[in-house]
Ligand SMILES: [Zn+2]
């Protein structure tokens, strides 16, 4: 089987043969590739093996690359072309793959070998990769000895359990709530929600509508239901999920209280930080990120909060006035705001998504996107050939013209990408981009010329398919999503870094990785770009300017309030992970109250227990990192502003070149802050983001 197993590539630089991979290939390939990597690890960690970057890479990195390429292909197929057999094969192999990478990341002998490398033997890219490797070992506890090491391992184990329980409680409390409503009670709620809630009640043999706290039901009810008592009931249940609030109204929480879990999670993270020699968990979280210190993040958030507050107050005043005049709501409560907001949005900015869609056909949008990329970054995108996982998947190559010594020109391959845009059965929802292969001057090759591996990515979206002989129609959201994922793809493909671990998106600081993606979204709000990439599916006419202006106004609706909400979550996240919180035996709810007193313009009821279902920070990987959303938005808006400042095509081309060279090409071979400053000539500023979101008219 091994000789024909497509997951065990003979030529390490070949593209994955997606069409040939079967579930039966997974186990034998992964077992063999892990065994090979283990052997390589043993070899490079022997006492007499040279502590030399390239020698280690030749033996170990070449083998781990084979494993990650094979495993990446399996994981990718599981996401885009899932079958029960493939999922079973994936889940069976997952534990041994995870175990291998975890053990590799904490291997003391390998850490010692890396530490023994003489830094003066490294080129700048290797230095950056070496620094990152050492830092990651340290954060995995590789420096710890004896009791501290045991304690660190126990903390990791306990944290994993607690975080898992936190998430389960939120899920269980969400699912435990049910409310059966009559059609009368749901007056105002959109038809599709009525249909699905009626079907869910019918499936249980019940009359009426089954309401739940899941977003596709909760959100539209809060936004559209005219029945105030119903909204209050759902709001109360939703904002007390998995908390200590257990009474007749929130009986579903019994047994799912996250209060003690949160306290223990925060205490253990703090202890982990101290074992690693940091003042707080916030410091640990920031160590591999672009932001320098918790103080810098707090300053950033408070500044943003102050700047947005006048606009949030105006948003609130608008809602109060509208509620009193048009909705007979004199004293709005927490459960009224989403409803008032939606009614006001419709009154001011209503436009039909269906109408907009007629102007964005998939081929025309793609053509427009390619033209922007080619124009800005001096590359050509052409169709290419590869074995894909579905007939609708497209494959392209990116080339750049290069001037040869004799004056002749030739096209050089820069990177390639798979583009999978259509929703279908067996494909996970959402949109994402990831590397299939990274740019790498391969260490094992003797001839330098043939050794350069070029990057390959996949870009995945879930758009509707075309029908009736017409092309697929995209919403403006879809268009923005496509641009966003291309931003990630370009970041990985246009890199000029030759060291794999710092090439493209590899090793890029987590709070900076959305810069290139969000940057691309800005072009979807440029009138000139939109005009060129829109054409009515029947008439060929571009999107009307008046419709575009409405879309733009709707985009910035209540940006002040939305900004403050993000600032509130982010500040709370930073403060509960601070050293002060532990030394002063802080209370989670009091900390939240203090944050709300400082930044918020709306006070929720005292029973509100937002932290108890704040899974991003208590369950997932956003602990002391929630600020990253806003941080990256500031970076991308400020970077894009450099293009807005151009007044001639020549200036725009020059700015595109600087952006490509200073942001897209450098990977993580230097810090994201250095890259940003190199492009912009200064540190990032808030002004562009506030202006793009309409917060600049009066202040
Ligand atoms: Zn993204």
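The values are calculated or read from the model by the stated rules, or taken from the named source; none is laboratory data. Keep in mind the model is a prediction, meaning the values are calculated, not measured. Here Cβ is always computed from backbone atoms with ideal geometry, including for glycine, and neighbour counts include all displayed protein chains.
Taking only the range 302-314 into account, find how many residues are touching a residue at least 12 places away in the same chain (Cβ under 8 Å) and surrounded by fewer than 24 Cβ atoms within 10 Å (Cβ to Cβ).
Residues of the range 302-314 that are touching a residue at least 12 places away in the same chain (Cβ under 8 Å), as a first pass: 302-305, 307-314.
Restricting the remaining residues to those that are surrounded by fewer than 24 Cβ atoms within 10 Å (Cβ to Cβ) gives 302-303, 305, 307, 309-310, 313-314.
Number satisfying all stated conditions: 8.
Could you list, in sequence order, all residues of the range 169-188 that are free of Cβ contacts under 8 Å to residues at least 60 places away in the same chain and assigned to a helix (DSSP H, G or I)? Working first, answer last.
Pass one, the range 169-188, residues free of Cβ contacts under 8 Å to residues at least 60 places away in the same chain: 171, 175, 178-188.
Correct list: 171, 175, 184, 185, 186.
When you check residue 103 against the structure, is it in contact (Cβ under 8 Å) with a residue 12 or more places away in the chain and part of a helix (DSSP H, G or I), yes or no?
Numbers: in contact (Cβ under 8 Å) with a residue 12 or more places away in the chain: no; part of a helix (DSSP H, G or I): yes.
When the stated conditions are applied, residue 103 does not pass them.
Determine whether residue 424 is within 16 Å of the ligand (Cβ to nearest atom) and in a loop (DSSP other than H, G, I, E, B).
Spelling it out, it is not the case that residue 424 is within 16 Å of the ligand (Cβ to nearest atom) and in a loop (DSSP other than H, G, I, E, B).
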Matching residues in the range 585-603 (at pLDDT 95 or above and over 14 Å from residue 305 (Cβ atoms)) number 7
Quick check on my filter: what residues within the range 187-200 are in contact with a strand residue (DSSP E or B) (Cβ under 8 Å, 6 or more places away or on another chain) and within 28 Å of residue 615 (Cβ to Cβ)? 197, 200
Restrict the check to the range 242-254 and report whether at least one residue is surrounded by 15 or more Cβ atoms within 10 Å (Cβ to Cβ) and closer than 18 Å to residue 624 by Cα. no
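In the range 202-224, which residue that is surrounded by fewer than 18 Cβ atoms within 10 Å (Cβ to Cβ) and within 35 Å of the chain's Cα centre (by Cα) is modelled with the highest pLDDT?
The initial filter retains those residues of the range 202-224 that are surrounded by fewer than 18 Cβ atoms within 10 Å (Cβ to Cβ), namely 202-208, 214-216, 219.
From the residues that got through so far, the ones that are within 35 Å of the chain's Cα centre (by Cα) too are 214-216, 219.
Details: 214: 88, 215: 85, 216: 84, 219: 91.
Top of the filtered list is 219.
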Name the residues in the range 461-477 that are within 16 Å of the ligand (Cβ to nearest atom) and closer than 22 Å to residue 633 by Cα, would you? 461, 477
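Can you name every residue in the range 494-506 that is more than 19 Å from residue 374 (Cα to Cα) and within 15 Å of the ligand (Cβ to nearest atom)? Spell out how you get there, then give the answer.
First, the residues of the range 494-506 that are more than 19 Å from residue 374 (Cα to Cα): 497-503, 505-506.
Passing the criteria: only 505.
Please find, within the range 522-535, the residue that is nearest to the ligand (Cβ to nearest atom) out of those that are buried (at least 21 other Cβ atoms within 10 Å of the Cβ) and farther than 21 Å from residue 396 by Cβ. Let's see the steps before the verdict.
The first filter runs over the range 522-535 and keeps only residues buried (at least 21 other Cβ atoms within 10 Å of the Cβ), leaving 522-524, 530, 533-535.
Those still in the list that are farther than 21 Å from residue 396 by Cβ too: 522, 530, 534-535.
Values: 522: 14, 530: 21, 534: 24, 535: 27 Å.
Going through the qualifying residues, I end up with 522.
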Any residue that is assigned to a helix (DSSP H, G or I), within 16 Å of the ligand (Cβ to nearest atom) and crowded, with 23+ Cβ neighbours inside 10 Å - is there at least one of those in the range 559-574? no
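Given the criteria at pLDDT 90 or above and at positive phi, does residue 378 qualify? Outline the logic, then answer.
Details: at pLDDT 90 or above: yes; at positive phi: yes.
Taking the combined requirement at face value, the residue satisfies it.
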Go through the residues of the range 478-493 one by one and say whether even a single one is away from the ligand (no atom under 16 Å from the Cβ), touching a strand residue (DSSP E or B) at 6+ places or on another chain (Cβ under 9 Å) and under 20 Å from residue 393 (Cα atoms). no
Restricting the search to the range 404-440, which residues are in contact with a helix residue (DSSP H, G or I) (Cβ under 6 Å, 6 or more places away or on another chain) and over 29 Å from residue 472 (Cα atoms)? 438, 440
Residues located in the range 261-301, provided they are touching a residue at least 24 places away in the same chain (Cβ under 8 Å), over 30 Å from residue 129 (Cβ atoms) and under 25 Å from the mean Cα position of the chain (by Cα): 262, 265, 266, 298, 301
Candidate set from the range 76-103 (those that are surrounded by 16 or more Cβ atoms within 10 Å (Cβ to Cβ) and in contact with a helix residue (DSSP H, G or I) (Cβ under 7 Å, 6 or more places away or on another chain)); member that is modelled with the lowest pLDDT: 78
Looking at 435, 429 in this structure, which one is within 16 Å of the ligand (Cβ to nearest atom) and closer than 26 Å to residue 63 by Cα? 435
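For the condition assigned to a loop (DSSP other than H, G, I, E, B) and more than 26 Å from residue 364 (Cβ to Cβ), what is the one hit in 465, 445?
445
Can you say whether residue 417 is more than 16 Å from the ligand (Cβ to nearest atom), outside any loop (DSSP other than H, G, I, E, B) and within 29 Å of residue 518 (Cα to Cα), as far as the supplied structure shows?
Working: more than 16 Å from the ligand (Cβ to nearest atom): no; outside any loop (DSSP other than H, G, I, E, B): yes; within 29 Å of residue 518 (Cα to Cα): yes.
The answer is no for residue 417.
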Residue pairs within 7 Å by beta carbon, gap of at least six or interchain, first lying in the range 478-497 and under 13 Å from residue 661 (Cα atoms) and in contact (Cβ under 8 Å) with a residue 40 or more places away in the chain, second within 12 Å of the ligand (Cβ to nearest atom) and outside any loop (DSSP other than H, G, I, E, B), listed first then second, are 490/516; 491/516
Of 410, 428, 442, 437, the only residue that is without any contact (Cβ under 8 Å) to a residue 12 or more places away in the chain and over 18 Å from residue 516 (Cβ atoms) is 410
